[in-house]
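The values are calculated or read from the model by the stated rules, or taken from the named source; none is laboratory data. Computed from a predicted structure; not experimentally measured. We place every Cβ from the backbone using ideal geometry, glycine too, and count neighbours over all the protein chains shown. Quick note on the areas: whole protein, heavy atoms, side chains included, nothing else; ligands and nucleic acids left out. Shrake-Rupley method; radii C 1.70, N 1.55, O 1.52, S 1.80 Å.
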Amino acid sequence: MTASLTPLMPAVLPITPEPVLPIRLIALDIDGTIIGDDHEVADRTIAAVRGAMERDVAVSLVTGRMVSSAMHFAHALGLTGPIVGYQGGLIRAMALPESRRLGKLLLHTPLPADAARSIVEWTRGHGLDPHVNHLERFILRADDPKADDYSAFMGAHAELVPDLLAAIDHPVTKVLAVGEPPIPTEIAPLARAEFAGRADVTISHPRFLEFVAPGVSKGRAIRWLARRLRIPLGATLAIGDQWNDLEMLAEVGHGTAMPTAPAEVRAAARYVAPRLEDDGAARMIEDLVLASPDRVRANAKRLAAAARDLHEAAS
């Protein structure tokens, strides 16, 4: 499926594969997809994910968060597969439940230090407040008045430094710049033009403008996961709700957008899930994975037709 080009869209979307059943791999975004403002995974979602895994379906979280921040949700779901963090900039094996250590680092694609420093200066000049992530470090300027709020959101304590630019003395995993909506979305096209070839730019939340190394995306990450597991992308279900999920949804046969996703993201997906408040991700897994084979085929046709109708009505 295709979507009209906008400044937040990649210049070229991947060719979406034909859907293949049964689904053998599920990739889940976290914020806005399986958790809301309460940061709790619903019991129905936990049951659906565990039911899929009991049927030998691989399940991974694919998030913009750092892996240590995603680990709590992975444990709640009972996952065993790799966790993708930082939009695909870092992938770790899932740690054992009893272990206090993070899983083995499987892939890391950092952003060069000079590009990261330029991003910090540029985003400050455009009224945003940049932060830096490297591996499991979350680095803020020491006088940031919202440090405690950010730490609570990330589920990790921020590392406070007197000079953020001076702290970038080696490649880092991601730069995240925070601003009041709609500023991040409005300046994203300017950021893409300014850092073309030096960093890739996306929106993970209306307040977050994110910069990662060139080529990094959730789309690349889902290809990596599918290739590692020898599972066709056509037999993969991916669910997400924001611009940073777009490439991932377009890469797989069963791309699913949450109804709150931007219109262009919904248009790139095969299905549109019910609302988060109505356990939308869980219901998609129930309909497309846990139902009987005949019912799954019927559900897939019904959900695809409903998504097409929604897109046509909005265009």
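Its relative contact order, with pairs defined as Cα atoms under 8 Å and 6+ residues apart, puts the stretch 152-244 at 24 percent. Between Leu165 and Arg295, the C-beta separation translates, for a Förster distance of 45 Å, into a calculated FRET efficiency of about 0.20. Rounded to the nearest 20, the Cβ-based charge dipole of the chain about its Cα centre (Lys and Arg +1, Asp and Glu -1) stands at 1300 debye. Pairwise Cα distances in the stretch 60-122 exceed 14 Å in 57 percent of cases. Summed over the residues of the chain and divided among them, the accessible surface reaches 43 Å² per residue at a probe radius of 1.4 Å. Ordering Thr16, Ile30, Val84 by the projection of their Cα atoms onto the charge dipole of the stretch 11-101, which places +1 on the Cβ of Lys and Arg and -1 on the Cβ of Asp and Glu, puts Val84 at the extreme positive end. With only the Cα atoms considered, the chain has a convex hull volume of 122 Å³ per residue. The mean sequence separation of alpha-carbon pairs under 8 Å and at least six residues apart, normalised by the residue count of the chain, gives a relative contact order of 21 percent. Over the chain, what percent of the accessible surface lies on carbon and sulfur atoms, probe 1.4 Å? Of all accessible area on the chain, carbon and sulfur atoms account for 53 percent.
Size descriptors for the stretch 122-183, from the alpha-carbon set: Rg then Dmax equal 11.3, 31 Å. Radius of gyration over Kirkwood radius for the stretch 212-282, both on Cα atoms: the Rg/Rh ratio is 0.99. So, R0 is 45 Å and r is the distance between the beta-carbons of Ala113 and Ala306; what FRET efficiency does that work out to, to 0.05? Computed FRET efficiency for Ala113 and Ala306: 0.45.
Only helices enter the 222 nm calculation for the chain: every DSSP H run of n ≥ 4 contributes -39,500 (n - 2.57), and dividing by all residues gives -10500 deg cm²/dmol, rounded to 500. Only beta bridges with both residues in the stretch 190-306 are counted; by DSSP, about 45 percent of them are antiparallel.
Ligands, DNA and RNA excluded, the heavy atoms of Arg137 present near 80 Å² of accessible surface to a 1.4 Å solvent probe.
Packing here is the average count of other Cβ atoms within 10 Å per residue, and on that basis the peptides 93-103, 108-118, highest first, run 108-118, 93-103. For the peptides 252-261, 53-62, the ranking by packing is 252-261, 53-62, with the highest mean count of neighbouring Cβ atoms within 10 Å listed first.
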